[in-house]
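Reviewing the structure listed below.
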Amino acid sequence: MKTAQEIINNPFINKGTAFTLEERKALKLVGVLPTVVQTLEQQVAQTYQEFQKKVSDLEKRVYLMTLFNTNRTLFYALMSQHVEEFMPIVYDPTVADA
C-alpha cells in the first residue's frame, strides 16, 4: 500500500479534496488533506475561479501546469470545460513570453 505522501504526490491518483471520508481513513489521508470534502464539479468551479484571478498568460500557464503535475483528473475535467480558452495558454505561444 502506498503512503499518504506517495498518494498525494502522484498526479494520476491524487484527487485532492475529492477523496471521501472513507477513502481518507483507508488511505491514511486524514490530517494530510484539508477537512473539506468536495465533488469534482466543486473542485472544477473553485479552480476556475482561481484561474480567472491570474493576470498574464504566463501566470495562467504556470497555474495550469502546476495543476497538471498534481491532479490530472481535475486538470482534464477543467480543461474539457474550457478547452477553447485554455488551448492558446497551454501550448507554446505562452512559453515565448517567458
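How far, in degrees from 0 to 90, does helix 40-52 lean away from the longest principal axis of the Cα atoms of the chain, to the nearest 10? Tilt of helix 40-52: around 40 degrees. Can you figure out the FRET efficiency of V62 with E6, using R₀ = 22 Å and their beta-carbon distance, to the nearest 0.05? It comes out at approximately 0.35.
The simple spin-label model puts a point 7 Å past each Cα toward its Cβ; for T73 and E85 those points are separated by 2.3 nm.
Between V55 and Q38, full extension at 0.36 nm per residue minus the direct alpha carbon distance yields a gain of 3.5 nm. When the alpha carbon coordinates of the chain are projected onto the principal axes, the ranges are 44, 23, 19 Å, largest first.
Read-outs throughout are calculated quantities, based only on the coordinates presented, and are distinct from any laboratory measurement. None of these values were measured; they are calculated from a predicted model. Counting neighbours? That spans all protein chains shown, and the Cβs are built from the backbone with ideal geometry, glycine included.
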